[in-house]
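The values are calculated or read from the model by the stated rules, or taken from the named source; none is laboratory data. All values reported here derive from a predicted model rather than from experimental measurement. Glycine also receives a Cβ, built like all others from the backbone with ideal geometry; neighbour counts cover every protein chain displayed. These area figures cover heavy atoms from the full protein model, side chains too; ligands, DNA and RNA do not enter into them. Shrake-Rupley method; radii C 1.70, N 1.55, O 1.52, S 1.80 Å.
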Amino acid sequence: MKEKLAINGGPKAVNKEFLWPVYDASDVNAVTEIVQSGKWGNPDCADEVAKFEQEFAAYCGSKYAITCVNGSVSLRLALIACGVKPGDEIIVPPYTFITTASSVIECNCVPVFVDIDPDTYNISPEAIEAAITVRTKAIIPVHFGGLACDMDAIMDIAKRHGLRVIEDAAHAHGAEYKSKKLGSIGDVGSFSFQSSKNLTSGEGGIVITDDDALYAMMRSLRNVGRIEGGQWYDHYNPGCNYRITQMQAVLLSRQLKRLEAQTKKRNDNGLYLNQLFWDMNGVTPLSRSEAITLHCYHIYIFKYDPTAFGGLSRNDFAAMLSAEGVPSFKGYPHPLYKQPLFQNKNFMCYAIPDHVDYSHVYCPVAEQACANDAVWILQHAMLGEKEDMEAFAHAILKIQRAVS
Ligand SMILES: *Cc1c(COP(=O)(O)O)cnc(C)c1O
């Protein structure tokens with residue numbers, strides 16, 4: 001029996017609102033107390049910021065954490081601290097948010113795009129190995145959607161070639177690889193606290209590391225080049241003011257207390273949705289190996305096959321699914337190298353060598369994911385109940401029946 005689709009004015013398959021961010025009176029009180037204390041800023045009264053940094057480092061099993069204004073600047077701090085020089089090549093995936101690659105440009109370095117794995121949508125270790133040249137300095141693996149990259153393979157490549165590894169863990173707060181928190185495996189882990197992320201204060205970012213020298217440099221860069229024990233108006237390094245406020249820090253401390261339980265809930269819902277999708281035609285979850293001890297499903301991604309939906313395009317399907325009330329989206333429209341920034345080489349003052357040319361870059365798996373295959377269900381929906389996961393599956397079946 002065919003039901004009228006919500007996109008055509010029919011009733012929605014899913015009628016629940018999935019709220020994000022999650023907060024209660026204790027968050028409001030914590031921020032209110034800071035406001036009333038008058039100690040809003042970091043350098044004079046860094047107590048809440050330092051406290052959250054210690055909490056986050058401990059949570060990740062890392063020695064140090066340094067907050068900063070967002071999860072893009074955090075990548076830049078990591079790259080500069082790792083000692084990149086103009087013209088160095090940094091290997092990145094093309095299926096990620098722009099700043100994974102544009103932060104590289106902002107360091108006068110060259111992003112080298114290598115393809116993702118079709119089963120995980122994470123950067124392919126074989127493709128990394130094939131792209132290494134004498135100029136390669138670092139790899140930025142992105143734990144896409146919260147699914148851990150193949151870190152054993154990536155760390156092995158880095159060791160053999162003397163490369164730095166900066167984990168872009170903007171999607172991966174609380175997620176694990178072989179029981180280790182993501183971000184704690186490479187030289188530096190970088191996180192975002194922007195409003196859509198699994199841990200948020202509206203805006204914000206953080207880097208974690210075990211390395212004393214990287215810690216000291218990233219701290220200095222975050223604080224206009226000041227150094228530990230230096231004078232207020234003495235500046236040693238080319239940093240900027242990337243500090244967060246005390247209001248953000250208390251909010252993050254409160255939110256961090258909820259993170260582990262939220263991550264487990266998303267993980268369990270993701271496993272359940274996988275089971276439901278395996279019994280359906282035309283929707284295939286990405287694969288997760290034994291090494292994924294905890295997935296935080298910042299994005300639950302599945303691959304869509306139009307042949308099981310009467311030839312309906314992925315874009316039309318994604319619009320219908322969203323209209324049915326499933327918080328979902330078709331994802332990135334293009335691999336990053338297709339962005340005008342790279343195609344037109346709008347590098348402005350940045351010292352990118354003239355020979356760099358993105359017009360011929362082509363990563364087939366990322367192209368296919370962007371154009372035809374990927375559908376995203378967003379993290380706040382993954383905080384729902386088991387019945388909600390069943391309702392998502394039902395919404396897909398409703399569309400399938402209607403268009404077949
Ligand atoms: C969100 C995001 C960033 C940037 O974080 P902002 O805090 O928004 O600057 C970097 N990398 C990835 C993969 C992201 O999703």
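When N counts the residues of the stretch 55-112, how does its alpha-carbon radius of gyration compare numerically with 2.2 N^0.38 Å, as a ratio? Each step should come with its number before you reach the end.
Working: Rg = 12.7 Å, N = 58, 2.2 N^0.38 = 10.3 Å.
The stretch 55-112 yields a ratio of 1.23.
Over the chain, what relative contact order in percent results from Cα pairs under 8 Å that are six or more residues apart? Spell out each step's value before the answer.
On the way: 831 pairs, mean separation 88.6, N = 404.
Relative contact order, the chain: 22 percent.
Take 240, 149 and sort them by solvent-accessible surface of the protein heavy atoms, 1.4 Å probe, largest at the top. Before the final figure, lay out each step's value.
On the way: 240 60, 149 0 Å².
Heavy-atom accessible area, descending, gives 240, 149.
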I'd like the accessible area for residue 4, computed on protein heavy atoms only with a 1.4 Å probe and all protein chains in place. Round to 10 Å², please. 130 Å²
By a straight-distance test (C-alpha under 25 Å), which lysines pair with residue 345 as possible cross-link partners, with residues fewer than eight away in the same chain excluded? 85, 137
Near the amide H of residue 224, under 5 Å away, which other amide H atoms are found, from residues 5 or more places off or on another chain, if H is placed in the peptide plane? 240, 241, 242
Past the 19 Å Cα-Cα mark, which pairs from 4/398; 264/303; 12/303; 39/63? 264/303; 12/303; 39/63
Amide H within-cut-off set for residue 186, under 5 Å, with H built and near neighbours excluded: 167
Ranking by accessible area, most exposed first, for 95, 59 with a 1.4 Å probe: 59, 95
Student exercise, the chain dipole from Lys, Arg, Asp, Glu Cβ charges, in Debye to nearest 20: 480 debye
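For the chain, what does -39500 (n - 2.57) per DSSP helix run (n ≥ 4), summed and divided by total residues, give at 222 nm, in deg cm²/dmol to the nearest 500?
Values: 12 runs with 142 residues, N = 404.
After summing the helix terms and dividing by the residues of the chain, the value is -11000 deg cm²/dmol.
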Taking only the alpha carbons of the chain, the radius of gyration and the largest Cα-Cα distance, Dmax, both in angstrom, are 21.8, 75
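Ranked highest first by average number of other Cβ atoms within 10 Å, how do 18-28, 138-148 line up?
Details: 18-28: 12.9, 138-148: 27.8.
Most protected by this proxy first, the peptides run 138-148, 18-28.
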Mean Cβ count within 10 Å, highest first, over the residues of peptides 166-176, 224-234: 166-176, 224-234
So how do 293-300, 214-221 stack up, highest first, on mean other-Cβ count within 10 Å? 293-300, 214-221
